[in-house]
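What follows is a set of notes on a single structure, which appears directly below.
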Amino acid sequence: MTATTKVIRKPQRTMADQSYVIELVKGLGVTLKHFFKGTRQMVTGTTPDLEKHPYADGIATVQYPEEKRPYAQRWRGVHRLTHRDDGSPRCVACLCCSTACPAQCIYIKPAEYAEGDKRRGYERYPEEFVIDELRCIFCGFCVEACPCDAIRMDTGYHMTALDDRASFIYDKAQLMSHVGQDGTQKSANPRHEPGDPTHPGVTRLHGGH
Amino acid sequence: MFWIQAFVKIALIVGVLVNMAAILLWVERKQSAMMQDRIGPNRAAIVVGSVRIRAAGLIHSIADGIKMIWKEDWEPTGGDKLLYRLAPIIALVPALCLFAVIPFGPTLHVAHLRDLWSPEWATETTGTVIPMRIATLDVGLLYVFAVAGAGVIGAALAGWSSNNKFSLLGGLRASSQMVSYEVAMGLSLVGSFMIYQSVQPGDMVNWQMQHCWGIFVQPLAFILFATSAIAETKRVPFDVPEGESEVVAGYFTEYAGLKFGMFASGELVEVCTSSALLVVVFLGGWQLPFVQNTGLEFHYLGIDVSWHWAHIVVVLVGLLTFIVKVLVLVFLQLQIRWTLPRFRYDQIMMLGWKILLPLALLNVLLTGFGILFFNGLPTPGAMTP
Amino acid sequence: MPNFKLDDREIPFEKGETIIKAAWRVGVEIPHYCWHPGLSVAANCRMCLVEIEPAPGGRAMMLDIMKWDAAKNDYVPDRKPKLQPACQVQAVDGMVVRSTTSKHAAEARAHVQEFLLVNHPVDCPICDQAGECKLQDYWMSEQRTFKRMRDEPVHKPKGVVFGDTIVYDAERCITCTRCIRVCDELVGDHMLDLRERGNRNEVVLAPGRKLEGDYTLMTEHVCPVGALTSSHFRFKARVWTLKETATVCPGCATGCNMYLDVDPREQRAYRNRPRDNEAVNRFWMCDDGMMSYLREHEGRVVKARLGRDGGREDSKVPAALDRAAEAIAKVPAGKLAVLLGAQFSTEDNLVLAAFAKAVGASVYLTAKAPWRADKILRHADQNPNRAGATAVAGGSVGSLQDLLAAAAAGQVQGIVGLGADVDVDANALAPLSRIGEVVLFLSHEGPLARFATVVLPAASWAEADGSFVNAKRLAQPFKRALPPKGDALPAWDLIARLGRAMNLDLSYTKLREVRAALLAQAPEAHPDSRPMAVSADAGAQAQKGA
């Protein structure tokens, strides 16, 4: 077996390269081209619309607080806990999200509804629901795992910069205060409450069998 | 009368230069932004009622000025307090002083101002004469070299007195770089002196008005001088003295507030000064092609145009021409600053000593042969000013 | 031994055994809900239906049925074999049983499964059984079809409190009657019964009763679905995050085999489950034993401490060991007493006994007082390892009473002890306060702890490998489920370190070495010396999660 060799010559610099002047002029040509194009766009107000043409030539600055590029519908932002009609969380504390979470950043303390509550026996609720947003990797597995559409990442908020770590530990009240990109705190998917005619009922007499 | 004239001109020049520094700060930011497909500074605003005046980012320069004034004037412990405070002054003042000998317009003859639109040109100068320069020195450009050389002391002192290793390294780099390029810069102009047969900037402009621009007779010297002048300003690509990636901020690492502002504005003033020098020596000063002391004169290609202007118009056109030429060169310098990457220290030294210096010497030799070839041996006395 | 053929496998059986039990013994599971190896046969779930081929020359039991014929678009007459419940049919030599290989059995199981789920709320996300639920398992393996019924399901009571320990959800219940049979057959108290029929069938308490006694949690343990839930474990964790460890109950001298389920993320014990061992506890455990996982977290000693009474301070283990060595060195020869611990493993006691021998100390035993016994599982002796501790001490040890007498007589001036439990009245401990140096290795606080001058934190039974010898002299090993809490180390390791600090010949650094010494000195207390009872492991596999 013979080894094949391929000779790669070191690129030789010509006198023109060495003198640097020509290359300098070429470089100036590139920067000047951009300078005049940018200036023309600024002066005539024809900066490209980055929403329609994200990769257009020319000035690519978004004036952030005033202009915001809309996030994609499936963009995963800070979590929220969706509400029921009465304002309580949809969450039934099944721990599916904390099981699915690869970063193990979700802590839920499930609790049983009090005696006399119509949901007692049917559902449980999260007494505590804590997400460590510093540990979260925003993979969205919790949203996928949720059987009740109770946790969503459609707030459109990205993680805020805060100046102490404790502020990133979001509790139930904080998570429930977030609003989805559709402007509501609910979910479009219907939810049957115990006692509704649509819900698997409450007493053995209810169904009329 | 002489003192009033001098004072007015000094006030004018210093005022323009210092404000130019502030404006160049804006130009530099905005120009680089355009080059890099950005918008550049536009946030600072003066709020008048509900109106926010942003002036395309010019307010940032004002904000920077205010910031520098109000910033804590911190001084490093263990440094030499006196030298530490002196250094920025030494860095800024020579840059301003350089302009003293630079002519920025045609000489104003007070006597001719009276005949505004009916030019009756006297052949000789009579009455009060106001030269458009602060000082007319016999040593001319030699003064420029002398004063520019003093600038390095500021950088060196700043590096030394800051009691900081990075500052000291920056100061050392600045000293060696400026000393090296001073040599090439001086030698590159020798050829021009030989052709103009003068070291006075005014004479140089006059020679160029009668013959042609210096860049055509001294093209090599133009490149050499321009390169050296950029190196003298210690700006990219020659900014190893403040190379952020290696020595934090070089010799002004420890400077804050207005003292830092003096270094920064000193740099920008130097950009103006070196551009003005290039204009005077190589680009015909205030001179516009086909414009003579009397007005537009075009006698080529069978066309004879002779349009006489009032004296004040000639002076104003000259002033404007000079300013435009300087601004174009300043623009070019800023463009180069945002185009090229920083050279390595050894590359800078090699360029200065092994390339620019021999080429400058070669230029002197070629110029000498050229003069010999075209004019024959100069007659004794022709060299005397 | 007679054999029968189940699918492709020859299964041996004992005369009188049913098909399902013989298969269970060898680790083959025939799907079932109501059958439990420890309970009588009810044959009400119909999940274990199998096809039994007719004996050679015999007549096949066939049923006339109507079968849908898609080509004719009508039902046509057909015949199929009569399926029989594997839990009720006794095995016969040479019998050929088809379970997984019978399409009729598979079809029957799928239909049974669909029937069971007709009224089921399918609230798996909030059901504690999810993950170990037979309904889930068999849906995956036998059914895999969606619910076809579009009517409102039947509604039954939810969240019914059956007693202090059990909560019942009738909607999830498949009325297999396992829980009723546990009450009847294990406890002998008919606390539960069924009411109504068909769709409305549900488990209820006997009138005027509540679910009580020492074996209430066994009803939850046998429940194949999420109908009965333990109020202690309810909503606390999901079973798929738990990790099981085979261990032994530390509750009494019976030494019930069990699994300790811990969450490795939180390093917390969540529950016990009985581990089948026909020689010890069969399939059961008492309620106190089921709750013994709480001992892992309650009343623990996790830091070394020095001084007694007001002068206590926390310390580090090495410093405390040095201090203990100094203290023991001050005790005059022959005046040192060593207290073995009946709550600690045989290995811990072996090393302490070796220590006692090396320093020439007299040996006593500390143990918990007797408790309520019964004829089922609970042993009067609360200590899991009295037999093991006695064995490594050479067959006899003094009691704590003897130690107190010796202390009162001034014959003891220093104590090195394992555990802080006492089987005497707390007021009788007064003589101990006269003893100058008391070094205790403690996993839990106890009455003796207040006399200690040096306390060293020992690992609990869940935090170290070890073995107990139960009242029947059966040595049983247990595995480490969690890392030791705080600064704790296995007690045998601490004692060996103390011995080395005193320049004694206690070179044990690995459990292997301790076990080797155990085999040499007291082979009857070594966990390998007698085989673990019968074929329990195969059954355990089949019963896991049942």
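The values are calculated or read from the model by the stated rules, or taken from the named source; none is laboratory data. Every value quoted in this text rests on a predicted model; they were computed, and no experiment measured them. With ideal geometry, Cβ positions are generated from the backbone for all residues, glycine too; neighbour counts draw on all protein chains shown. What goes into the accessible areas is simple: the full protein's heavy atoms, side chains included, and nothing from ligands, DNA or RNA. Shrake-Rupley method; radii C 1.70, N 1.55, O 1.52, S 1.80 Å.
Association of chains B and A removes close to 1600 square angstrom of accessible area from solvent, both sides included, for a probe radius of 1.4 Å. Axis of helix C:511-521 versus longest Cα principal axis of chain C: the two differ by about 80°, to the nearest ten degrees. Residues of the stretch C:227-254 that lose at least 40 Å² of accessible area (1.4 Å probe, protein heavy atoms only) when the other protein chains are present, relative to their chain alone, are C:PHE235, C:ARG238, C:TRP240. Its residue count N sets the reference 2.2 N^0.38 Å, and the alpha-carbon radius of gyration of chain C equals 1.18 times that reference.
Taking every protein chain into account, the 1.4 Å probe leaves B:MET132 with about 30 Å² of accessible area, to the nearest ten. Sorted from greatest to least, the principal axis extents spanned by the alpha carbons of the stretch A:80-177 come out as 44, 24, 22 Å.
The equivalent ellipsoid that matches the C-alpha gyration tensor of chain B spans semi-axes of 38, 28, 20 angstrom, in descending order. Label-to-label distance, A:THR99 versus C:ASP263, with points set 7 angstrom from Cα along the beta-carbon direction: 1.3 nm. Normalised by the number of residues in chain B, the average gap of Cα pairs under 8 Å and 6 or more apart makes the relative contact order 22 percent.
Between 0 and 90 degrees, the angle of helix C:317-330 with respect to the longest Cα principal axis of chain C falls at about 50 degrees. Placing pseudo-labels 7 Å out from each Cα toward the beta carbon at A:ASP196 and B:LYS67 gives an inter-label distance of 5.6 nm. Once C-alpha pairs closer than 8 Å and six or more residues apart are averaged by separation and normalised to the residue number of the stretch B:130-177, the relative contact order reads 28 percent. Helical content alone sets the calculated 222 nm signal of the protein assembly as shown at -10500 deg cm²/dmol, taking -39,500 (n - 2.57) per DSSP H segment of four or more residues and averaging over every residue.
Rounded to 0.05, the FRET efficiency of the B:ALA135 and A:THR47 pair, given R0 = 56 Å and the Cβ-Cβ distance, is 0.70. Each Lys or Arg adds one and each Asp or Glu takes one away; over the other residues whose Cβ falls under 12 Å from the Cβ of C:THR100, this sums to -1. Name the shape class, rounded, prolate or oblate, that the alpha-carbon gyration tensor gives for the stretch C:161-256, where a ≥ b ≥ c are the square roots of its eigenvalues, rounded holds for a/c under 1.5, and otherwise prolate holds if a/b is larger than b/c and oblate otherwise. It is oblate, given that a/c is not under 1.5 and a/b is not larger than b/c. Extending 7 Å from Cα along the Cβ direction at B:LEU12 and again at A:ALA3 yields two label points whose distance is 7.7 nm. For the stretch A:91-111, a decrease in accessible area of 50 Å² or greater in the assembled protein chains relative to the isolated chain, with a 1.4 Å probe, applies to A:THR99. Treating r as the C-beta distance of B:ASN19 and B:TYR300 and R0 as 41 Å, the FRET efficiency rounds to 0.55.
Of the beta bridges DSSP finds with both residues in the protein assembly as shown, what % are antiparallel, to the nearest 5? The antiparallel fraction comes to roughly 75 percent.
Taking the C-alpha atoms only, the angle from helix B:311-339 to the longest principal axis of chain B is near 40 degrees. Other residues whose C-beta falls under 9 angstrom from the C-beta of B:PRO237 contribute a net charge of +2, scoring Lys and Arg +1 and Asp and Glu -1.
Here the translational diffusion coefficient of the stretch A:17-69 follows from Stokes-Einstein with Rh set to the Kirkwood radius across Cα pairs; for 4 °C and 1.567 mPa s it amounts to 99 µm²/s.
For the stretch C:82-149, what does the accessible surface come to per residue with a 1.4 Å probe? Please give it in Å².
48
Surface composition of the protein assembly as shown: carbon plus sulfur atoms hold 59% of the accessible area, using a 1.4 angstrom probe and ignoring ligands, DNA and RNA. Counting heavy atoms of the protein chains alone, A:ARG90 has an accessible area of about 10 Å² for a 1.4 Å probe.
Beyond 32 Å in Cα-Cα separation lie the following of the pairs B:LYS9/B:LYS30; A:LYS186/C:LYS134; C:LYS82/C:LYS134: A:LYS186/C:LYS134.
Charged neighbours of C:TRP461, selected by a Cβ distance under 13 Å, balance to 0 (K, R count +1; D, E count -1). Under 5 Å from the amide H of C:GLY466 lie the amide H atoms of C:PHE478, each residue being 5 or more positions distant or on a separate chain, with H modelled from the backbone and absent for Pro and chain starts. Rounded to the nearest 100, the interface formed by chains A and C buries 2100 square angstrom of accessible surface, both chains summed, with a 1.4 Å probe.
Over all orientations, the stretch C:3-116 has a Cα convex hull whose mean projected area works out to 8.3 square nanometres.
Classify the stretch B:234-385 as rounded, prolate or oblate, taking a ≥ b ≥ c as the square roots of the eigenvalues of its Cα gyration tensor: rounded when a/c is under 1.5, otherwise prolate if a/b is larger than b/c and oblate if not. Judged from the Cα gyration tensor, the stretch B:234-385 comes out oblate (a/c at least 1.5, b/c at or above a/b).
For chain A, just run the numbers: alpha carbon Rg, then divide by 2.2 N^0.38 Å, N being how many residues it has.
Here the answer is 1.73, to two decimals.
Taking each of C:LYS357/C:LYS479; A:LYS118/C:LYS156; C:LYS5/C:LYS103; C:LYS316/C:LYS357; A:LYS33/B:LYS234 in turn, the alpha-carbon distance tops 21 angstrom for C:LYS357/C:LYS479; C:LYS316/C:LYS357; A:LYS33/B:LYS234. Working note: Cα gyration tensor of the stretch C:304-536, eigenvalues times five, square-rooted, sorted largest first, giving semi-axes of 27, 20, 17 Å. Protein heavy-atom accessible surface, 1.4 Å probe, per residue over chain A: 64 Å². Database remark: amide H of A:GLU127 closer than 5 angstrom to the amide H of A:LYS109, A:ALA111 (H placed geometrically; neighbours at sequence offset of 5 or more, or on other chains; Pro and chain starts carry no H). Over the stretch C:60-103, the hull volume per residue, using the convex hull of the C-alpha atoms, is 104 Å³.
Got a sec? Which residues of the stretch C:100-142 lose 40 Å² or more of accessible surface with every protein chain in place, vs. that chain alone, 1.4 Å probe? Residues shielded by partner chains are C:PRO125, C:ILE126. Take the alpha carbon gyration tensor of the stretch C:382-495, find the square roots of its eigenvalues, order them as a ≥ b ≥ c, and report rounded if a/c is under 1.5; if not, report prolate when a/b exceeds b/c, else oblate. Oblate is the answer for the stretch C:382-495, as a/c is 1.5 or above yet b/c matches or exceeds a/b. Taking the DSSP beta bridges with both ends in chain C, the antiparallel portion is around 70 percent. Calculation over all alpha carbon pairs of the stretch C:202-277 in 5 angstrom steps from 0 returns a P(r) of 3, 13, 20, 25, 18, 12, 7, 3, 0 percent. Using the alpha carbons alone, the radius of gyration of the protein assembly as shown stands to its Kirkwood radius in an Rg to Rh ratio of 1.22. In the stretch A:83-207, Cα pairs under 8 Å separated by at least six residues give a relative contact order of 25 percent.
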